[in-house]
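The values are calculated or read from the model by the stated rules, or taken from the named source; none is laboratory data. Model, not experiment: these values are computed from the prediction. Don't worry about glycine lacking a Cβ; one is built from the backbone with ideal geometry, like all the others, and counts go over all protein chains shown. Ligands, DNA and RNA are excluded from the accessible area calculation, which covers all protein heavy atoms including side chains. Shrake-Rupley method; radii C 1.70, N 1.55, O 1.52, S 1.80 Å.
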Amino acid sequence: MANGSTTTGTASATETVTETATATATESTAAAAPRTEVRRPALSPSRAGDFKQCPLLYRFRAVDRLPETPTKAQVRGTLVHSVLERLFALPRGGRTPETARELLRPTWSELSEESPEWMEIFTDPASAEEVAEWLTSAEKLLDSYFELEDPRTLSPEACELHVETELDSGVLLRGYIDRLDVAPTGEIRVVDYKTGAAPRLIGEAKAMFQMKFYAVVLWRLRGVVPRQLKLLYLSDGQALAYTPDEPELARFERTLEAIWQAILRAGRTGDFRPNPSKLCGWCSHQDLCPSFGGTPPDYPGWPEPDPGEESALDRAD
């Protein structure tokens, strides 16, 4: 079993592989060339899901790095995740619905200051009424969360946990877990909050793919198969729990290895083909897609992209 590492926090992952330049000597001193930080390519749930859904979408996001304007639902999901993370940082007794509501607006002020472009989701960013209505919709999601569980009874090991491990095949897996609960007996539960509006059947399939990805990473890191994978759907107050087993995770691990090998083959040839589906309606790049009469930009070549990095928007999807 390959070894891995975990760290907690909300910031982007900072693990890097350092390429050290050769020092060249002068008559009086030996001067070393600057060190170049190279982030090793990895597979994340979001980018693996992109390739599985549509290889061309993967290319647009991981190779071309085309910008995308987030939706109100995506930014709202990021906001709700941030509030829940801050809520669990409080002592148990302070994790109340009232406290969550009090955290909502200050958290949004911080997030919108860090990413001012997110204000573009509003028709009129200066409209206090439009912003207030949107914040009220986020408040309803928080209220829904408290109908699903009482955070005062929980003691998570970590929230927004960064996990990373290398499989025996050499594939590097990387991602963020919304919440990790560990029982005194050592049993592990992976919890993920869903606030998006994806079609239910497709959304659940994508969500379970993500959860099995995390289960494989934790299994390889800790040698323990998670006892439960739990999805909390805040939009409709539904919970979905699933219990994986070791043979299933072994099969899923092989699936991830196959996806990575397919990505590398496409990267060498530039053959990232579109895969039209019902999800095309949510794609930001239809004008560049051959399936919609568009032309992709010239392929820049396989630049060893870092498809393992997930944004806050990815994690809140």
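So if I check each of L87, L56, L104, L66, which one is open to solvent by 30 Å² or more (accessible area, probe 1.4 Å) and at negative phi?
None of the others qualify; the one that does is L66.
Suppose the filter is among the acidic types (D, E) and either surrounded by 14 or more Cβ atoms within 10 Å (Cβ to Cβ) or in contact (Cβ under 8 Å) with a residue 60 or more places away in the chain (or both); does E133 pass it?
So E133 does not fit the description; no.
Residues that are open to solvent by less than 30 Å² (accessible area, probe 1.4 Å) and not in a helix (DSSP H, G or I) do not occur anywhere in region 251-265.
Cβ-Cβ distances below 7 Å connect the following pairs, each with a first residue in region 236-249 that is in contact (Cβ under 8 Å) with a residue 12 or more places away in the chain, a second residue that is loosely packed, with under 14 Cβ neighbours inside 10 Å, and a separation of six or more residues or different chains: G237/E147. If you check L90, L56 for being in a loop (DSSP other than H, G, I, E, B) and either more than 15 Å from S112 (Cβ to Cβ) or among the aliphatic types (A, V, I, L, M) (or both), only one passes: L90.
Please verify whether region 180-196 includes one or more residues that are touching a helix residue (DSSP H, G or I) at 6+ places or on another chain (Cβ under 8 Å), open to solvent by 10 Å² or more (accessible area, probe 1.4 Å) and at pLDDT below 95. So far as region 180-196 goes, yes, one or more of its residues are touching a helix residue (DSSP H, G or I) at 6+ places or on another chain (Cβ under 8 Å), open to solvent by 10 Å² or more (accessible area, probe 1.4 Å) and at pLDDT below 95. Which one is modelled with the lowest pLDDT among residues in region 222-238 that are open to solvent by 60 Å² or more (accessible area, probe 1.4 Å) and outside any loop (DSSP other than H, G, I, E, B)? Of everything passing the filter in region 222-238, Q238 is modelled with the lowest pLDDT. Screening region 136-151 for residues that are part of a helix (DSSP H, G or I) and free of Cβ contacts under 8 Å to residues at least 60 places away in the same chain and picking the one that is farthest from R76 (Cα to Cα) gives F146. Considering region 107-130, and only residues there that are open to solvent by less than 50 Å² (accessible area, probe 1.4 Å) and of a type in the set (S, T, Y), the residue that is modelled with the lowest pLDDT turns out to be S127. The single residue among D168, D143 that is within 23 Å of A239 (Cβ to Cβ) and open to solvent by 20 Å² or more (accessible area, probe 1.4 Å) turns out to be D143. Condition first: open to solvent by 10 Å² or more (accessible area, probe 1.4 Å), assigned to a helix (DSSP H, G or I), in contact with a helix residue (DSSP H, G or I) (Cβ under 8 Å, 6 or more places away or on another chain) and not charged (D, E, K, R). Can you find one or more residues in region 211-220 that meet it? Yes, region 211-220 contains at least one residue that is open to solvent by 10 Å² or more (accessible area, probe 1.4 Å), assigned to a helix (DSSP H, G or I), in contact with a helix residue (DSSP H, G or I) (Cβ under 8 Å, 6 or more places away or on another chain) and not charged (D, E, K, R). Name the single residue that is surrounded by the most Cβ atoms within 10 Å (Cβ to Cβ) among those in region 69-84 being assigned to a loop (DSSP other than H, G, I, E, B) and touching an Asp or Glu at 6+ places or on another chain (Cβ under 9 Å). Filtering region 69-84 for residues that are assigned to a loop (DSSP other than H, G, I, E, B) and touching an Asp or Glu at 6+ places or on another chain (Cβ under 9 Å), the one surrounded by the most Cβ atoms within 10 Å (Cβ to Cβ) comes out as P70. Residues of region 90-101 that are more than 18 Å from E139 (Cβ to Cβ), open to solvent by 70 Å² or more (accessible area, probe 1.4 Å) and in contact (Cβ under 8 Å) with a residue 24 or more places away in the chain: R92 alone.
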